[in-house]
Amino acid sequence: MNWLTSNRLQGWKAPLARVASFLPAFSALCLVFTSALVFARPDKDAIASSFSIDVDGRYDDVMEAVNLVANNGVIDGTFEYKGDESLPGAELAPDCSMFDTWRGPGKVICKIRKRALSPSHFINSNDVGTVAVRYIVQTVSPTTTRLFIDAIFLENSHHHPHPSDGYVETTEFAEVAKHLKQLTEAHDTLQAGYSSSEASPRSVAASEGAVADAADLQKVLAEQQAKLHVDSQHLADLERRLADLQVGRKLRVVSERGELKSNPYSHSSVITAVPQGASLLVIAESEHWYEVRANNGKEGWIHHSQVEAQP
Amino acid sequence: MQVSDSRQHGVSWMLKLRAAALFAVILFTFVVTSSRPGHAIPAFARKYGLPCSACHIGWPILNSFGQAFRDNGYQLGNDRDSPIYQNPAYWPITFRITPNWHRESTNHIALDSVPGDPTSTPVNGTQTVDGFDLSGVDIWTAGTLYKNISFSVLPSMAEGDTFHLENAWVRFDNLLNSPWLNLKFGKFELDTLLSEKRFLTLSNVGGVWYNYHFLPQGDINGFGGIGDNQLGLELAGHNKNSYIRYSISMLSSNDGTPGLTTSGQPNTSRTYDVYANVNYGFNLKSAGLQRVGLFGYWGQSPTYFQTSGGTPIQAAGNKGFSRVGAYGWWFYKQLDVETLYMHGQDSVYLGNGVPSNDPAALPPGAVGPTWNGGFVEAHYTYNPQLIFTGRYELVHMSRQANPSLQSTLGNVDSWTIGYRWYPIMFSRAGLAFHNEYSRATMGNLGFLGKDQTSSSIMIGFDFDY
């Protein structure tokens, strides 16, 4: 007897046909589940040095630019809250323990921001943790400096590392490049001035005919120095006027409980509380914060929303 | 001819298998390559402009910060809580529903041999249905009424039902400026880290933790289980990061049903239950935070009612029951595993369905039924937008209410596998493609005392807005 024609198995055809109707969905479910477990690998394996560049600049200049960025109190290229553009409250870290120990040449500097909440631009960012940025500065030649920048987010609870998608490093580098440009320009200006004053006597010694040129150059230098003096006086005047506008203004606390913070960031520590109605003297002002002095002499930062101008 | 038909049938099978394999490969490739980091879920993500990953391992499971945020009365504890940061158009409300296709099957059912004739000799049969369907809809609103006063209201309705309030409570947070003192009042979920309201399975068979709802066969206890929201008052507290938490609740003995109702009878609620939970989080060096906890529910349920003109007016003969257990939530890299053990016991009167004023009605050898149960449930978070889950759960009777009952009657053995893929997860909306298979076997509940097995396959889109 052909087993395919047996009555007993004929009776199985209907249930089997029914099974077939949902087989694609069920097999898909099983295959996806098992395949993903076999092939899926955690993203932490992807952690690597993510940004490096050879910069046209002296080591000292690059180092100074990196130091300025490392101490600027924010981490650029990432944020917690929609609408923000950076992560405030960053600080220079005493060590770079969140990264593997760097054994290569160069100077290592780290900046961290603790208690960051699922910061953007870190792969699969989740929960609360610490964002760290590491800069490594190496000398390549007298005029070329190599800079490495790495950024990582490490969850507090499960220690999951989340590497940056690269945006943090490139944005931080843009800040470094901005400072470096300013430093280089200042350096070039100084160098030009120094060269001018140094070159003229040499020209005189080299050629009697160059005396007139030297005199012309000295005349130009004198004119430039005079202009610089006038501009400096103008700048000082503007700064004095700005200070006059800012300092001496009085504010009144409108929140039920105002807080003077050590730095102009929400996460900064509270120096002292100031009661509603208290008067504060403005020392300086930023976009969202006033630096103020309270009646008890304590100075700190208070958010614009907590005060109003005193008539 | 038969052979030829069979060959055609075989070819058809091969085609179906190939189609299944191709479909699976395409789906797998699509799912894995399309997964990107999550961004937000509606209710609080909108309020704070935070990504969903701030609070969720994967919606709806809370991560460590999400638990702390919830414990802190839905407040971040910084100036972002201040109304000046809120968009005036913000409205803290979320809708959730799951259109789906599902297939349900149950075997060993007593079928009438003559359809429509209940007097005909029953025969063993299987019931199988499948088709497109809708889940119930949840309309959840929650947030803060004022600094340190939070609330939640969750009207819920299934197709054809009237709305009921799944929860509705107000909570006074950080009393005396201490996170250890928070008072909740209303109808709420019993405090536990392993929340049935936040798990990943939705099908008819796999959409419950059986331990949280189990009752022995013949038991008349009105308590719906640890998984049911209850009416009452909760005192809770936690340390700063919510690694250490406690709660103790006083609850009406009516399984969270409004109207001073007990076991479906109106105006009869009159006793109170107690629920307590403690949990502790600790760090394992490389794996990070691990959590363990203990819980217990001690309650009463009526065994009969005082009546007036035959109408029940007051529950009476209340007898005790308890549920106690321990749990752990273990994390290692992308894998987290939830484990639970629970022991339950009901009074001899509840277990045998006998009014306590009629002890003579107890069957010979009657005792209070006891049982033990537990589950192991694992989640593998490939990334916040793709989570796989699997669970094995059992509840086994350790002592039946009387010797006439089979020792395995009502035992539950169940397992579930599935995954959720979140193709979008923004501050306005979230969408999960949900795929699940669940199976549960109930001891001796089928035709002629056979074990009865039910299974569910569910494919759906779980979304909230």
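For the reader, a short list of remarks on this structure follows.
- Flag if A:A214 is out of contact with any Asp or Glu (no Cβ under 6 Å at 6 or more places or on another chain), surrounded by 13 or more Cβ atoms within 10 Å (Cβ to Cβ) and at pLDDT below 75: yes
- The residues of segment B:417-464 that are among the polar types (S, T, N, Q), in contact with a strand residue (DSSP E or B) (Cβ under 7 Å, 6 or more places away or on another chain) and under 30 Å from B:A54 (Cα atoms) amount to a single one, B:N435.
- Among the numbered conditions (1) at pLDDT below 95; (2) closer than 22 Å to B:L294 by Cβ; (3) in contact with a Gly (Cβ under 8 Å, 6 or more places away or on another chain); (4) more than 14 Å from chain A (Cβ to nearest Cβ), the only one that B:M157 does not meet is (2).
- Complete set of residues in segment B:420-439 that are buried (at least 22 other Cβ atoms within 10 Å of the Cβ), touching a helix residue (DSSP H, G or I) at 6+ places or on another chain (Cβ under 9 Å) and more than 11 Å from every other protein chain (Cβ to nearest Cβ): B:Y422, B:M425, B:G430
- Of all the criteria given as (1) within 30 Å of the chain's Cα centre (by Cα); (2) touching a residue at least 24 places away in the same chain (Cβ under 8 Å), the one not satisfied by B:T126 is (2).
- The one condition in (1) away from chain A (no Cβ under 14 Å); (2) closer than 24 Å to B:E104 by Cα; (3) aliphatic (A, V, I, L, M) that B:I417 fails to fulfil: (1)
- The residue that is modelled with the lowest pLDDT, counting only those in segment B:376-406 that are more than 19 Å from B:L350 (Cβ to Cβ) and part of a loop (DSSP other than H, G, I, E, B), is B:P384.
- The one condition in (1) closer than 26 Å to B:K240 by Cβ; (2) among the hydroxyl-bearing types (S, T, Y); (3) assigned to a loop (DSSP other than H, G, I, E, B) that B:T162 fails to fulfil: (1)
- In segment B:213-240, the residues that are more than 22 Å from B:S152 (Cβ to Cβ) and over 13 Å from the mean Cα position of the chain (by Cα): B:L215, B:P216, B:Q217, B:G218, B:D219, B:I220, B:N221, B:G222, B:F223, B:N239, B:K240
- Pair list, Cβ under 6 Å, 6 or more apart: segment B:376-393 residue surrounded by fewer than 21 Cβ atoms within 10 Å (Cβ to Cβ), other residue not hydrophobic (A, V, I, L, M, F, W, C): B:V376/B:T339; B:V376/B:Y392; B:A378/B:G390; B:Y380/B:Q334
- Any strands (runs of 3 or more DSSP E) falling wholly within segment A:216-311 and containing at least 3 residues that are of a type in the set (D, E, K, R) and either touching a residue at least 12 places away in the same chain (Cβ under 8 Å) or not assigned by TED's automatic domain parsing to the domain that holds A:I112 (or both): A:257-261
- Selection within segment B:333-375 - within 30 Å of B:L62 (Cβ to Cβ) and not in a strand (DSSP E or B): B:K333, B:Q334
- Residue pairs whose Cβ atoms lie under 6 Å apart, separated by 6 or more positions or on different chains, with the first residue in segment A:118-144 and under 17 Å from A:K82 (Cα atoms) and the second of a type in the set (V, I, T) and assigned to a loop (DSSP other than H, G, I, E, B), are A:P119/A:T78; A:S120/A:T78; A:H121/A:T78.
- Total residues in segment B:203-221, condition out of contact with any helix residue (DSSP H, G or I) (no Cβ under 8 Å at 6 or more places or on another chain) and of a type outside the set (V, I, T): 10
- Failed criterion for B:P403 (all others in (1) within 14 Å of chain A (Cβ to nearest Cβ); (2) over 23 Å from B:E377 (Cα atoms) hold): (1)
- Of the residues making up segment A:66-79, those that are assigned to a loop (DSSP other than H, G, I, E, B) and touching a Ser or Thr at 6+ places or on another chain (Cβ under 7 Å) are A:G77, A:T78, A:F79.
- In the set (1) closer than 26 Å to B:R439 by Cα; (2) surrounded by fewer than 17 Cβ atoms within 10 Å (Cβ to Cβ), the condition left unmet by B:Y212 is number (2).
- Scanning segment B:281-288 turns up at least one residue that is within 23 Å of the chain's Cα centre (by Cα) and not acidic (D, E).
- Some residue of segment A:252-261 being more than 14 Å from every other protein chain (Cβ to nearest Cβ) and hydroxyl-bearing (S, T, Y): no
The values are calculated or read from the model by the stated rules, or taken from the named source; none is laboratory data. Since the structure is predicted, the reported quantities are computational estimates derived from the model, not experimental observations. Cβ atoms come from the backbone with ideal geometry, glycine included; neighbour counts cover every protein chain shown.
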